[in-house]
1. Which residues, taken from the stretch 159-200, are more than 30 Å from A57 (Cβ to Cβ) and of a type in the set (K, R)?
2. Any chance the stretch 307-315 includes a residue that's open to solvent by less than 10 Å² (accessible area, probe 1.4 Å), out of contact with any Asp or Glu (no Cβ under 9 Å at 6 or more places or on another chain), among the aromatic types (F, W, Y) and at negative phi?
3. If V49 satisfies every condition in (1) touching a strand residue (DSSP E or B) at 6+ places or on another chain (Cβ under 7 Å); (2) at pLDDT 95 or above; (3) open to solvent by 20 Å² or more (accessible area, probe 1.4 Å); (4) within 30 Å of R179 (Cα to Cα) but one, which is the exception?
4. If you go through the stretch 255-263 one residue at a time, do you hit one that is open to solvent by less than 20 Å² (accessible area, probe 1.4 Å) and among the hydrophobic types (A, V, I, L, M, F, W, C)?
5. Working only within the stretch 39-74, note down all residues that are assigned to a strand (DSSP E or B) and acidic (D, E).
6. Search the stretch 372-390 for residues being in contact with a helix residue (DSSP H, G or I) (Cβ under 9 Å, 6 or more places away or on another chain) and assigned to a helix (DSSP H, G or I), and hand back the single one that is most open to solvent (accessible area, probe 1.4 Å).
7. When the stretch 290-321 is examined, which residues are found to be of a type in the set (D, E, K, R) and not in a helix (DSSP H, G or I)?
8. Scan the stretch 268-289 and give yes if some residue there is in contact (Cβ under 8 Å) with a residue 40 or more places away in the chain, open to solvent by less than 30 Å² (accessible area, probe 1.4 Å), part of a helix (DSSP H, G or I) and on the phi < 0 side of the Ramachandran plot, otherwise no.
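The values are calculated or read from the model by the stated rules, or taken from the named source; none is laboratory data. Since this is a predicted model, take the numbers as computed values, not measurements. Please note: Cβ atoms are built from the backbone with ideal geometry, for glycine as well, and neighbour counts cover all protein chains shown. Side chains included, ligands, DNA and RNA excluded: accessible areas come from the protein's heavy atoms. Shrake-Rupley method; radii C 1.70, N 1.55, O 1.52, S 1.80 Å.
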Amino acid sequence: MAIQDSCSHPGLRPFEDAKADMLGQLDTLAPAELVPLEQALDRVLADAVESPLDVPAFANSAMDGYALRAEDANAGPLALIGSSLAGHPFNGQVGPGQCVRIMTGAALPLGADTVVMQENCTSEHNAVTVSGNIEPGQHVRQAAEDLAQGETVFRAGMRINARVLSVLASLGLEQVYVRRPLRVALLSTGDELKRPGELLAPGEIYDSNRIGLAAMLTRLGASISDYGIIADDPEQIRAAFVQAAASHDAVITSGGVSVGDADHTKAVLEDVGRIGFWKLAIKPGKPFAFGHINRCAFFGLPGNPVSAAVTFHLLVRPALAKLAGERLAPTLTLQATALMPFNKSPGRMDFQRGRVERQDDGSLGVVPAGSQSSAVFSAMAEANCLLYLEQERGRVETGETVTLELIDGLYW
């Protein structure tokens, strides 16, 4: 594939085109393994899950009250012949003119088809009088009402969260087939970088990208190898790339993908692997490299911290999902009104950071979340949404409608 950069192609690679091309070059790498349910949280289902039983397995009561035949409800006092508790069902059968005391979750006795809540019943001397309008089947959870035996519960590719885990447990499953966690190598390049806690010399900065990227990868359940900070030396970068690619599914770097004298990532990747594309028509994140070193996927993120975080979310996250066999839901976007102007020039798709809130009339309004500089991450930390400002769009004026994605509560 030809390299898409400012030298070999007029203009930059459009975002959606580059994303589709990237995903088309990736295949699922993570094999399946059987793990206990207690170890399945945040893993990706390798196979579809079919229910081994009916849920509920038996008709049961949704209320505390009395189980009876609906046709007898208004026929006068009913004889109370027993009780049905959760785990302790009534073993007899309800006949004409009879009822059974029943608790929530308890099995509906044979012969009964309806439960009347206790607030609508009067019990005295083992005789129960029912009041109000009674509908047949009311307050009864029917067998297989939730799931039928053999029904597909979850498709392959679903990431297991706490809700999914609870459903799997309700099916009595002790083990489940999931994808192996992706093995991801993470490193930063740059002579100016220092680890947090080290003393800074003039011109040096702390390496925040690797910490933030590792946190996002951890939230995604990846197995991370931290290669630390690599100096701006082509031979050291080459050695790190080759070593990391030999034992990982993906290599993620930050820094060194622009066109400066100390930016060696692109040249080294060309030497040891192949480039899928380089430079995108997006802001932040124009200098983004995607490629392969043998079968290992390679993602070269910009050095600016906002650019690194945004390109990880927009491009690396869906790519890792493809490698892991995860089926991502389409991004949910919302429409909001700009309450202040957003500066933008036509030419690149701009993912600006904002604060969106519901207005008095119920509509959504959004304002910029501080500075939009790709080097100012403190403003990024205050944002709760990303604005999707179209490539051809110019300055956004107050009152215009914009498209946004909520980011609060996500993995980052």
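1. Across the stretch 159-200, the qualifying residues are R179, R180, R183, K194, R195.
2. Taking every residue of the stretch 307-315 in turn, at least one turns out to be open to solvent by less than 10 Å² (accessible area, probe 1.4 Å), out of contact with any Asp or Glu (no Cβ under 9 Å at 6 or more places or on another chain), among the aromatic types (F, W, Y) and at negative phi.
3. Only one criterion is unmet by V49, namely (3).
4. Checking the stretch 255-263: at least one residue is open to solvent by less than 20 Å² (accessible area, probe 1.4 Å) and among the hydrophobic types (A, V, I, L, M, F, W, C).
5. E50
6. Checked the stretch 372-390; the qualifying residue most open to solvent (accessible area, probe 1.4 Å) is F377.
7. R295
8. No: the stretch 268-289 contains no residue that is in contact (Cβ under 8 Å) with a residue 40 or more places away in the chain, open to solvent by less than 30 Å² (accessible area, probe 1.4 Å), part of a helix (DSSP H, G or I) and on the phi < 0 side of the Ramachandran plot.
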